[in-house]
Structure formats: structure tokens, C-alpha cells
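These notes concern the structure reproduced below.
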Amino acid sequence: MSELKLFMILIGYRPKGFNTEQHDVIFHIGTNVEEPATLQQIRSTVPLPKSVLVHIDTYVEVTQADGYAVSVSKEKLSSTSGSPRLYYVNLGGYRKGIFQEFHKSILLALDNPDDLKKRALADSFATEMDSDFASDAKPHVDDRMKLGVDIDDVLDVQQGFDDYYITLTSNPGGKDSIHSPVIKGYLKLEF
């Protein structure tokens, strides 16, 4: 069997009644995103009716994140207490004079989730958006936790997988995978 890989995937869709395309980030463990059987499997996990056309805009094989090599296995490797976990963070912010909310996806490796807010807001995106943030704008409040102005969503990536284990191994010299996405533009998930 081929080596298991962790993929971060940006999907696009337009439900009936929406005026613009919507997006979401999902994670998938497998060997190859673009095989027809895999595309069908990914679509089956998207919680939208089959009548909603869904496509992949971009994806990345996550092999490195935040100073750690990322690997996947079916068996839990022995770990010590306090081993880091992989978190997906969706940062959101505004620029004066532009009718849009900007977003940036980051992956953080944390042994203590209490450090998430501080680490996420240390990203250059937070500084760029904060410097131009309107003084009368309301801070974002996520539906799960109140984190501050620029954090919209947080996901512990491991929580999405019961049968697989994500392992992080220190690799401070590696380049984060998120900076090398495969841009598809429109890879349909409809069959």
C-alpha cells in the first residue's frame, strides 16, 4: 500500500440562493487527491446536498508545518506527554476602502492550545490587517471561542480522524508545505 498523506483542501461551492461562491477548508488522509475514487470519497464527506456542485480550488500535501515534519499512520506511535498537535487557524482581517474580508490559513504545532491565540496573532497577516483596521469595526467572535480580532476559526486537525494518527517530528529547517499549494482552479467533485 502507498504511504498515507495528510492533505489540506480548499473546496468551493455555491448553494442554491447564494449570490457568490463559498469556500471551506477540509482535511483528507489518503495517497492521492486526484484519483476518481478519492474525489468521490472526499465529496461524500462534504456536508452539503448532492445537488450542490462542489469543486477543489487548491490543495496541499502537508509534510511540514511550523518547524515539524508531518506524517500519518494507522497506528499510534508512542508519544510523550505534551507532544505537539497540529492546528489549522483561519485568520480574517479587513483593509480600509476594500469591500472584502481577507483570510489567511496557517498551520501551527502546539503542545499547549492555550498558546494558540498568541502564536496565531504573531503571524505577519495579523499585523498587516491590524495596522489598517477600522476603529469602529467589531471584533470577530467565532461560534466556538472568543479569540480576538483576527482569528475566525480553529481546528485541531487530529480530531477529524478516528482511524489515523498525525505525528509531528521536530524539523526546524523544513519549508512549510502550505507555501507550495497545487492550484487546480476547478477540479470537480461531482460524479
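The values are calculated or read from the model by the stated rules, or taken from the named source; none is laboratory data. Since the model is a prediction, treat every value here as computed from it, not as a measurement. Glycine gets a Cβ as well: all are built from the backbone with ideal geometry, and neighbour counts include every protein chain shown.
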> If you scan the stretch 16-34, which residues turn out to be among the hydrophobic types (A, V, I, L, M, F, W, C), in a strand (DSSP E or B) and out of contact with any Lys or Arg (no Cβ under 9 Å at 6 or more places or on another chain)?
Replying inline: V25, I26, F27
> So is I166 under 30 Å from R14 (Cα atoms), modelled with pLDDT of 75 or more and of a type in the set (A, V, I, L, M, F, W, C) or not?
Replying inline: no
>> Considering only residues that are in contact with an Asp or Glu (Cβ under 6 Å, 6 or more places away or on another chain) and either farther than 24 Å from L10 by Cα or at pLDDT below 65 (or both), which ones fall in the stretch 105-141?
In response: H140
>> Need the failing condition index for S51 against (1) surrounded by fewer than 17 Cβ atoms within 10 Å (Cβ to Cβ); (2) on the phi > 0 side of the Ramachandran plot, just the number.
In response: (2)
> Give me the pairs: first residue in the stretch 82-105 and farther than 25 Å from G160 by Cβ and touching a residue at least 12 places away in the same chain (Cβ under 8 Å), second residue charged (D, E, K, R) and not in a strand (DSSP E or B), beta-carbon distance under 7 Å, and six or more apart or on different chains, which are they?
Replying inline: G93/D150; R95/D132; K96/D132; F102/R95
>> Residues that are assigned to a loop (DSSP other than H, G, I, E, B) and either more than 16 Å from Y164 (Cα to Cα) or aromatic (F, W, Y) (or both): does the stretch 3-12 have at least one?
In response: no
>> Among the residues of the stretch 35-78, what is the count of those that are assigned to a loop (DSSP other than H, G, I, E, B), modelled with pLDDT under 95 and more than 16 Å from the chain's Cα centre (by Cα)?
In response: 13
> Among the residues of the stretch 83-125, which ones are assigned to a loop (DSSP other than H, G, I, E, B) and either over 18 Å from G67 (Cβ atoms) or charged (D, E, K, R) (or both)?
Replying inline: R95, K96, G97, I98, F99, Q100, D111, D123
>> Exactly one of these conditions fails for K5: (1) more than 18 Å from the chain's Cα centre (by Cα); (2) closer than 18 Å to L168 by Cα; (3) among the basic types (K, R). Give me its number.
In response: (1)
> When only residues in the stretch 13-37 that are surrounded by 16 or more Cβ atoms within 10 Å (Cβ to Cβ) and not aliphatic (A, V, I, L, M) count, which is farthest from Y59 (Cα to Cα)?
Replying inline: Y13
> What's the number of the condition F102 fails, among (1) under 20 Å from the mean Cα position of the chain (by Cα); (2) more than 24 Å from I183 (Cβ to Cβ); (3) at pLDDT below 95?
Replying inline: (2)
>> Suppose we keep only residues that are surrounded by fewer than 16 Cβ atoms within 10 Å (Cβ to Cβ) and aromatic (F, W, Y) within the stretch 92-127. Which one would you say is farthest from G174 (Cα to Cα)?
In response: F99
